[in-house]
Amino acid sequence: MIKIGVTGDFFEMEKEIRLLKEMPEFSLTGIYHYNTKLLEKFTTKHDLPIFFTLSSLVGSCDAIDIAGNNGDETHLYTRILKKSKHLIVDFPDVSSTDRLKHLAKLASEAKVIMQVRNPYRFNPAYMACLSKINKPAVIEIQMEIKQGSKLDNQSVLCIDLIRDMVRSNTHRVNASGISVAGRDVDYLTARIEFDNGSIANMTINQLSGRDSLIAKIYQQGNRIFINFSEKECYIEKIPFSLFPSSNENNHEQILPEINKIKPANEELRQFGNAIEQKLSTGIDIERALQSIDIYREIVEKINKTTFHPLQN
């Protein structure tokens with residue numbers, strides 16, 4: 001059993017504690033927060049040891065779960081990695097590439113797992129279809145997010161999701177953006193071409209006032225539809241003929257079995273398995289850096305075409 005401690009954003013810590021208590025892979029060692037008054041509130045809710053310094057928590061654990069992201073947390077990650085502890089974190093600040101490369105080096109030298117969260121990759125509808133995705137020709141990602149959401153973080157999560165389906169290096173990136181509601185871009189479109197010939201079209205819309213994520217995957221023989229928000233999916237056969245006969249069923253659908261799993265639990269389970277088996281998680285800090293590099297290329301393209309540029 002892996003001894004794990006929790007720190008980070010106070011309100012996100014509450015969620016992580018509830019999740020970890022459900023996980024047989026982990027033994028929850030305790031929690032740390034710099035605000036001791038907030039820490040003491042946990043004693044009335046949870047039967048958990050509290051630590052008054054980060055060092056004491058890290059010294060008592062095999063792994064640390066940093067809940068939430070309050071901005072640049074690289075100094076915190078560095079302290080933990082230097083103690084050779086495994087780490088699970090949210091997608092880090094996209095602007096600090098050099099510091100992230102340093103973290104990747106530290107994790108490699110310490111031979112520890114630094115897993116970066118992407119809940120979309122553990123969505124039950126996506127997981128139900130993943131084994132059916134085979135050399136997609138075209139991927140369409142359509143995301144809607146509410147005003148105030150972090151467009152950069154959501155973009156990187158979508159890029160990481162695309163790369164999980166394609167498994168190829170990027171060949172060319174094109175992008176454009178429009179500012180409607182303010183100075184920042186709130187409608188982004190990007191086209192990512194890959195070395196294996198696959199194409200991904202990604203749209204992120206911050207104007208609709210709602211949250212949703214839909215993926216459409218077109219590949220030889222079928223097309224796959226995944227609604228991440230509703231946790232729904234289907235696979236539809238594509239007819240071989242452009243002009244099918246009247247008795248040919250060109251809308252035959254397959255409904256994959258969707259397991260009732262919680263993405264956050266499944267993500268923690270993979271983290272635990274990676275530690276136990278000493279394997280890469282596939283969404284470690286190195287992979288996160290590659291997705292961030294693609295996003296930065298998208299930003300450069302947008303800054304050439306929009307009146308109000310994004311921050312790079």
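Rule-based calculations on the coordinates, nothing more; no lab input. These figures come from a predicted structure and were not determined experimentally. For neighbour counting, all protein chains shown are included, and Cβ atoms are generated from backbone atoms with ideal geometry for every residue, glycine included.
The calculated FRET efficiency for Lys83 paired with Ile238, based on their beta-carbon distance and R0 = 45 Å, is about 0.30.
Compared with the direct C-alpha span, the chain from Gln220 to Lys262 gains 12.0 nm at full extension, assuming 0.36 nm per residue. Highest average first, the peptides 77-86, 125-134 ordered by how many other beta carbon atoms sit within 10 Å of their residues are 77-86, 125-134. For the range 187-240, the list of chymotrypsin sites (Phe, Trp or Tyr not before Pro) that fall in a loop by DSSP and count at most 11 other C-beta atoms within 10 angstrom reads Phe240. Rounded to the nearest 20, the size of the Cβ-charge dipole of the chain about its Cα centre is 380 debye, with Lys and Arg at +1 and Asp and Glu at -1.
The simple Förster model, with R0 at 35 Å and r as the Cβ-Cβ distance, assigns Glu109 and Arg210 a FRET efficiency of 0.20.
Computed extension length for Thr203-Thr305: 35.1 nm, one decimal, from 0.36 nm per residue of separation with the Cα-Cα distance subtracted.
With a Förster radius of 41 Å applied to the beta-carbon distance between Asp195 and Tyr34, the computed FRET efficiency rounds to 0.35. Of all DSSP-defined beta bridges confined to the chain, some 60% are antiparallel rather than parallel.
Projected onto the charge dipole of the chain (+1 at Lys/Arg Cβ, -1 at Asp/Glu Cβ, origin at the Cα centre), which of Gly8, Leu161, Tyr77 gives the Cα projection farthest towards the positive end? About the Cα centre, the residue reaching furthest to the positive side is Tyr77. Overall, the range 2-112 carries a charge dipole of about 340 debye about its Cα centre when +1 sits on the Cβ of Lys and Arg and -1 on the Cβ of Asp and Glu, all other atoms neutral. Look at where the Cα atoms of the range 119-196 and of the range 267-286 average out, and the two centres are 23 Å apart.
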